Amino acid sequence: MTTYYLFGYGSILWRQDFVPIRTMVGTLRGYSRVINQASTDHRGTVHRPGAVASLRSSPQSLVVGKLFEIDPSDNDQVFERLDLREQ
């Protein structure tokens, strides 16, 4: 059975709506975390969009986050909810 991991670098660090099998500290090389994406989906308004965390390609950088191991039987449900949540 395939093992799936989710790399968290923003709000998923403190607000998961699933129970992972285990968590580990992880790093993602070649990216930097930026707070710059204007969003009306997650916060803010049409006239004043809110800032959300994004990843930007940055060859010399790395992002420290958390790896969440997802139970294979929960995989579809977890990623469907995340797709809706993160849009």
(request) Can you list which of the chymotrypsin sites (Phe, Trp or Tyr not before Pro) found in the chain are DSSP loop residues with at most 12 other C-beta atoms within 10 Å? (result) Trp14
(message) Based only on Cα atoms, what mean projected area does the convex hull of segment 46-87 have, in nm²?
(response) 4.9
(message) Could you report segment 1-82's accessible area per residue, 1.4 Å probe, as an integer in Å²?
(response) 70
(request) Tell me the label-point distance for the pair Arg48, Asp71, using the 7 Å Cα-to-Cβ offset, in nm and rounded to one decimal. (result) 4.3
(request) Report, to the nearest whole %, how much of the accessible area of the chain belongs to carbon and sulfur atoms, 1.4 Å probe, protein only. (result) 50
(request) Between beta-carbons, use under 13 Å as the cut-off and find the net charge around Arg81, counting Lys and Arg +1, Asp and Glu -1. (result) -4
(message) Taking every alpha carbon pair in the chain, what does the distance histogram look like in 10 angstrom bins from 0, in percent?
(response) 16, 41, 34, 9, 0
(request) Per DSSP H run of n ≥ 4, the term is -39500 (n - 2.57); total these for the chain, divide by its residue number, and report the mean residue ellipticity at 222 nm rounded to 500 deg cm²/dmol. (result) -4500 deg cm²/dmol
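The values are calculated or read from the model by the stated rules, or taken from the named source; none is laboratory data. Model, not experiment: these values are computed from the prediction. Cβ sites come from the backbone with ideal geometry, for glycine too, and all protein chains shown count toward neighbours. Ligands, DNA and RNA are excluded from the accessible area calculation, which covers all protein heavy atoms including side chains. Shrake-Rupley method; radii C 1.70, N 1.55, O 1.52, S 1.80 Å.
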